[in-house]
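**Q** Dumping the structure here so I can ask a few things about it.
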Amino acid sequence: MHGSHYATLASHSTQLPGYPYATVLPYVLDQAHRPLLLISALAEHTRNLLADGRCSLSIVEDGVSDVQAGARLTLLADAQRIEPEPALLQRFCRYQAAAEDLLQLDFMFFRLQPLRLRYIGGVGRMGWLEAPELAGPPLLTLEDEAALLRQAVVADGIQLLGLDALGADYRVTDGPGHQRLPWPDAMPSGAGFAATALQALAALAPG
């Protein structure tokens, strides 16, 4: 989920009840690894979610030539309209620079609360995760993220977008989309986490 930045959303059609309505859109994950959507009140999928929040999000691994061999997942969730706190709004706007302008229009935020997730890691590698398991990944609070962003020193040409307990997202100047830096497998907790994260960020190179 952290490795991509767009997905296919399927909602319940209000125009043709009983039929799913699928559309592609960008998303940003919050500090608890839940997808956030910023969508227009005029959009068909927004009307659908306001009427029935039950939905599904399909994400495919970026850059694969054979989609059947790549990693992909389907998230079943409840969409909830929210008013993000300032720190969460700042995080979202770092990932989607156009969000500030969209918020002057009729756009609104939804958070997807996960219920089940079907993950496929390739041929013969698949399984379900339930809601309690999806709540298991470690969290980095928005306050801790903001503190690390203030302290981070990165190479010229790199813009940090966001940090979380599993890695960092960044954009290279004039580069497409965003890139992902996973933290080391043996990432320490507590005070050691910040020191190790800052060291990894300092080693980033635009190439």
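**Q** Would you pick out the residues in the stretch 14-29 that are in a loop (DSSP other than H, G, I, E, B) and in contact with a helix residue (DSSP H, G or I) (Cβ under 6 Å, 6 or more places away or on another chain)? Before you say what the answer is, go through the steps one by one.
**A** Restricting attention to the stretch 14-29, the residues satisfying the condition of being in a loop (DSSP other than H, G, I, E, B) are 14-19, 27.
Correct list: THR14 only.
**Q** Among the residues of the stretch 200-207, is there at least one that is open to solvent by 40 Å² or more (accessible area, probe 1.4 Å) and touching a strand residue (DSSP E or B) at 6+ places or on another chain (Cβ under 6 Å)?
**A** yes
**Q** List the strands (runs of 3 or more DSSP E) inside the stretch 109-207, counting only whole elements, that have at least 1 residues being over 29 Å from PRO84 (Cα atoms) and hydroxyl-bearing (Ser, Thr, Tyr).
**A** Correct list: empty, since no element meets the threshold.
**Q** Additional query: In the stretch 11-34, how many are open to solvent by 30 Å² or more (accessible area, probe 1.4 Å), touching a residue at least 40 places away in the same chain (Cβ under 8 Å) and in contact with a strand residue (DSSP E or B) (Cβ under 7 Å, 6 or more places away or on another chain)?
**A** The number of residues fulfilling the criteria is 3.
**Q** When residues of the stretch 35-64 are filtered for being part of a loop (DSSP other than H, G, I, E, B), closer than 27 Å to TRP128 by Cβ and either small (Gly, Ala, Ser) or open to solvent by 50 Å² or more (accessible area, probe 1.4 Å) (or both), how many remain?
**A** 5
**Q** In the stretch 71-97, which residues are in a loop (DSSP other than H, G, I, E, B) and either open to solvent by 60 Å² or more (accessible area, probe 1.4 Å) or on the phi > 0 side of the Ramachandran plot (or both)?
**A** Listed by number, the residues that qualify are GLU83, GLU85, ALA97.
**Q** I need every pair where a residue in the stretch 175-201 that is of a type in the set (S, T, N, Q) has its Cβ under 8 Å from the Cβ of a residue that is open to solvent by less than 30 Å² (accessible area, probe 1.4 Å), sequence separation at least 6 or different chains.
**A** Once the first residue is of a type in the set (S, T, N, Q) and sits in the stretch 175-201, its partners that are open to solvent by less than 30 Å² (accessible area, probe 1.4 Å) give GLN179/ASP169; GLN179/TYR170; GLN179/VAL172; THR196/TRP183.
**Q** May I ask you to say which residue of LEU73, LEU112 is modelled with pLDDT of 95 or more and farther than 22 Å from THR46 by Cβ?
**A** LEU73
**Q** Taking the stretch 121-153 only, how many residues are open to solvent by less than 20 Å² (accessible area, probe 1.4 Å) and aliphatic (A, V, I, L, M)?
**A** Number satisfying all stated conditions: 3.
**Q** Going through the stretch 10-29 one residue at a time, which ones are among the polar types (S, T, N, Q) and under 13 Å from SER56 (Cα atoms)?
**A** Restricting attention to the stretch 10-29, the residues satisfying the condition of being among the polar types (S, T, N, Q) are 11, 13-15, 23.
Across the stretch 10-29, the qualifying residues are SER11, SER13, THR23.
**Q** Evaluate the stretch 100-108: report whether one residue or more is closer than 22 Å to GLU61 by Cα and either in contact (Cβ under 8 Å) with a residue 12 or more places away in the chain or assigned to a helix (DSSP H, G or I) (or both).
**A** no
**Q** Going by what's in this entry, would ASP156 be described as open to solvent by 30 Å² or more (accessible area, probe 1.4 Å), in contact (Cβ under 8 Å) with a residue 40 or more places away in the chain and over 20 Å from HIS2 (Cα atoms)?
**A** Spelling it out, ASP156 is indeed open to solvent by 30 Å² or more (accessible area, probe 1.4 Å), in contact (Cβ under 8 Å) with a residue 40 or more places away in the chain and over 20 Å from HIS2 (Cα atoms).
The values are calculated or read from the model by the stated rules, or taken from the named source; none is laboratory data. Quick caveat: nothing in here was measured; it's all calculated off a predicted structure. FYI the Cβ positions are ideal-geometry reconstructions off the backbone, even for glycines, and counts take in every protein chain you see. What goes into the accessible areas is simple: the full protein's heavy atoms, side chains included, and nothing from ligands, DNA or RNA. Shrake-Rupley method; radii C 1.70, N 1.55, O 1.52, S 1.80 Å.
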